[in-house]
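Structure provided below as structure tokens; questions to follow.
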Amino acid sequence: MDTLLARDWISGFKPVVTFPVGRNPQGVAVGDFNGDGQLDIVALSYADNSTSVLFGTGSGSFQPQATFPVGAGAHAVATGDFNGDGHLDIVTSNLIDESLSVLLGTESGGFQPQTILPMNLPFYIALGDFNGDDHLDIVASQPRHNSLSILLGTGLGSFQPQVTLPTVPKPIGVA
């Protein structure tokens, strides 16, 4: 279960509302995944190897979860448009599988089947255009290997082979 506190500027926080998601939720991100102008929530389930998307109604409530499979041990999540189609995509770091899962968004708010990108124990992930080509790239911290890995995006929803860079011992977060 995840907990969401809704607040308005006049009366403050409203009572706690709980929305069911997968077991042992880890990373959380927000975005408009179905293009309706309302914020949606994506929550990873470490124990269920899945991601739950809660589509926002605009009133502080959400539709029942839609669940999509990802790699084992889903830990961190980031969202962006990897293929330039105007629909948000999802990337997760998967600790048990030692991989990233990329789910390309569809017009209806669903996702194409995941693409698995092998990577040595990715921990946290972030997105950015690291080479100035106007395509989103992925960076992942790898604390067990004292490194960061960068995957340069092609703009088509795929990525070039990872480039691994040494770092200070045990890098955890990336932003």
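Scan Val102, Val91 and give me the residue that is closer than 15 Å to Ala43 by Cβ and without any contact (Cβ under 8 Å) to a residue 60 or more places away in the chain.
Val91 is the lone residue from the list that is closer than 15 Å to Ala43 by Cβ and without any contact (Cβ under 8 Å) to a residue 60 or more places away in the chain.
List pairs: first in region 160-173 and closer than 10 Å to Ser141 by Cα and free of Cβ contacts under 8 Å to residues at least 40 places away in the same chain, second outside any strand (DSSP E or B) and of a type in the set (D, E, K, R), Cβ under 9 Å, 6+ apart or cross-chain?
Lys170/Arg144
Give me the residue from region 132-175 that is charged (D, E, K, R) and either within 17 Å of the chain's Cα centre (by Cα) or modelled with pLDDT of 95 or more (or both) and, out of that set, farthest from Leu104 (Cα to Cα).
Asp133
Starting from residues that are of a type in the set (Gly, Ala, Ser) and part of a loop (DSSP other than H, G, I, E, B), keep the ones in region 40-72 and report whichever is nearest to the chain's Cα centre (by Cα).
Step one: filter region 40-72 for residues of a type in the set (Gly, Ala, Ser), giving 43, 45, 47, 50, 52, 56, 58-61, 66, 71-72.
Going one step further and asking which of them are part of a loop (DSSP other than H, G, I, E, B), we end up with 47, 58-61, 71-72.
Values: Ala47: 16, Gly58: 21, Ser59: 24, Gly60: 21, Ser61: 21, Gly71: 12, Ala72: 14 Å.
Across region 40-72, the extreme among qualifying residues is Gly71.
Out of contact with any helix residue (DSSP H, G or I) (no Cβ under 7 Å at 6 or more places or on another chain), at pLDDT below 95 and more than 24 Å from Ser141 (Cβ to Cβ): does that describe Gly58?
So Gly58 fits the description; yes.
Checking the structure you have, find out if any residue of region 114-131 is modelled with pLDDT of 95 or more, loosely packed, with under 15 Cβ neighbours inside 10 Å and closer than 20 Å to Leu44 by Cα.
Yes: region 114-131 contains one or more residues that are modelled with pLDDT of 95 or more, loosely packed, with under 15 Cβ neighbours inside 10 Å and closer than 20 Å to Leu44 by Cα.
Only residues that are within 16 Å of Gln162 (Cβ to Cβ) and part of a loop (DSSP other than H, G, I, E, B): list them for region 73-130, please.
Phe82, Asp97, Glu98, Met119, Asn120, Leu121, Pro122, Phe123, Tyr124, Phe130, listed by residue number.
The values are calculated or read from the model by the stated rules, or taken from the named source; none is laboratory data. Since this is a predicted model, take the numbers as computed values, not measurements. Neighbour counts are summed over all protein chains in view; Cβ atoms, including those assigned to glycine, are modelled from backbone coordinates with ideal geometry.
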